[in-house]
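To keep things clear, I will list the structure first and then write my remarks on it.
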Amino acid sequence: MEEILLGKQLIPSIICGLLCFLSAAYTTNLNPVKYVQRGGKFLLACEVTGLGVHLWYKDGKPIVPNSVNKFHLESDSPSYSPEKSNYVTIMRLVVDDANAIHTGEYKCNSDGLYSHRVVVVTENMIETNEDYPGMGKILTPGEPLVLQCNTSECPHCTVVWLKDGKEVHSIEDHLEIHEKNNSITIMHSSYNDSGVYVCAIDRKQLDVALNATIVVQSKIKLDKFDASSVVVEGSPLEIYCNAKGAPMPYIKWFIGEQEVYDGDKRVKLEDHDGLKRGKLLIDEADFDDRNHYTCEAYNQLDSVNTTVFIRVKGKLAALWPFLGICAEVAILCSIIFVYERRRSMNQPDETETDLPADNQHQDQIRTGQDVRQRR
């Protein structure tokens, strides 16, 4: 206590200049606010003139090192400075394991004009607007997507946005970056906007490498198969599974209840449209391939499937309907021919029957005359 009082009596005679050195390299930094990551090390150095007891102050109170606050005080022996015509002492305040209690305003002269503010920040100081912490954001194609990082412990800090390791820039009519609230807005999102987004504190404002990650994912969109389809025996059987999503979906195939694996001798699984195992191929289908075929698409977020029933027709199956039509035509033509032939044979009798009575009488007279002449 006597040392503190003695220090206060000598303080008016001290001219204090504050030079601050932070980080393990102790580089000089004269910024009014310095941020230190929790668990990191920082050092403050102060040059004071005059002889006597000099104390460090935090938030206006003298610092007394102990096992709780973990402050370490160091100082050089006073040396005379001809330039200042007085003795000069370098005082140092060292913290090896910074935490929240070390945030505050530091001075080596309680009444001095020079001070330095230290803010200890935590690794998770950045709060994101994830739907659920650690679960990222769900993207719905065609709808707006907003990503935000809140830096409450460093209100004036701005962030730099990265997507899949590349810096994000504003795109007219698509993506806009808002520095005031550290957010980005994608007006009409698509599957291409999914990925890993990182918001990192601008290193020009904060010497500590702090960032937060937002994984943008989307549910799977799977094109549904028709209820059934037909393939001709001996021709290739090809089924395509068209699925989109983020992360990229994985594909499983089932024939009936049996899963199809890579390396099958008859059933081949090939990549299609950037989708691994997105195509099922059988080079020559046979009657045993008649079955239900199911494509299942899944990722960490979603799982969907679709099924088609494949029917296999014989090679001559298409010929039978043609032969049936030809037979029908032949039978029809035969009926028409027989009918017309009969009709033509009966036509003279019908003509005589249809003659008028006078004509029939004249024909009879003529016939009688012919008979007399012959006699």
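The values are calculated or read from the model by the stated rules, or taken from the named source; none is laboratory data. Keep in mind that this is a model prediction, so the values were computed, not measured. Methodologically, a virtual Cβ is constructed for each residue, glycine included, from the backbone with ideal geometry; neighbour enumeration extends over all protein chains shown. The protein model used for the area step is the full one, side chains on, heavy atoms only, and it has no ligands, DNA or RNA in it. Shrake-Rupley method; radii C 1.70, N 1.55, O 1.52, S 1.80 Å.
So here's what we get for this one:
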read-out: Matching option when the condition is touching a residue at least 12 places away in the same chain (Cβ under 8 Å) and in a loop (DSSP other than H, G, I, E, B), among Ser235, Ser218, Ser229; value: Ser235
read-out: Residue ID - surrounded by the fewest Cβ atoms within 10 Å (Cβ to Cβ), chosen from residues in segment 258-308 that are aromatic (Phe, Trp, Tyr) and in contact (Cβ under 8 Å) with a residue 12 or more places away in the chain; value: Phe287
read-out: Residues satisfying the stated conditions in segment 72-85, i.e. closer than 24 Å to Leu113 by Cβ, surrounded by fewer than 17 Cβ atoms within 10 Å (Cβ to Cβ) and touching a residue at least 24 places away in the same chain (Cβ under 8 Å); value: Ser81, Lys84
read-out: Top-ranked residue in segment 198-225 [being open to solvent by 70 Å² or more (accessible area, probe 1.4 Å) and in contact with a Phe, Trp or Tyr (Cβ under 9 Å, 6 or more places away or on another chain); ranked as modelled with the highest pLDDT]; value: Asp223
read-out: Residue match in segment 140-150 (condition: within 23 Å of Met248 (Cβ to Cβ), modelled with pLDDT under 95 and among the β-branched types (Val, Ile, Thr)); value: yes
read-out: Spans of strands (runs of 3 or more DSSP E) in segment 255-336 with at least 3 residues within 38 Å of the chain's Cα centre (by Cα) and polar (S, T, N, Q); value: 303-313
read-out: Candidate set from segment 107-150 (those that are more than 24 Å from the chain's Cα centre (by Cα) and hydroxyl-bearing (Ser, Thr, Tyr)); member that is most open to solvent (accessible area, probe 1.4 Å); value: Tyr114
read-out: Checking Ile255 against (1) surrounded by fewer than 17 Cβ atoms within 10 Å (Cβ to Cβ); (2) touching a His at 6+ places or on another chain (Cβ under 8 Å); (3) of a type in the set (A, V, I, L, M), the condition it does not meet; value: (1)
read-out: Strands (runs of 3 or more DSSP E) fully within segment 112-176 counting 1 or more residues that are among the aromatic types (Phe, Trp, Tyr); value: 159-163
read-out: Residue match in segment 91-100 (condition: among the acidic types (Asp, Glu), in a strand (DSSP E or B) and open to solvent by 30 Å² or more (accessible area, probe 1.4 Å)); value: no
read-out: Residue list for segment 49-73, filter: assigned to a strand (DSSP E or B) and either among the small types (Gly, Ala, Ser) or at pLDDT 90 or above (or both); value: Tyr57, Lys58, Lys61, Pro62, Phe71, His72, Leu73
read-out: Residue satisfying condition, being among the charged types (D, E, K, R), within 25 Å of Ser218 (Cα to Cα) and at pLDDT below 95, within set Asp262, Asp286, Asp302; value: Asp302
read-out: Of all residues in segment 156-185 being under 14 Å from Ala212 (Cα atoms) and among the charged types (D, E, K, R), the one that is most open to solvent (accessible area, probe 1.4 Å); value: Asp164
read-out: The lone exception for Leu210 - which of (1) within 23 Å of Glu130 (Cα to Cα); (2) in contact with a Pro (Cβ under 7 Å, 6 or more places away or on another chain); (3) not basic (Lys, Arg) it fails; value: (2)
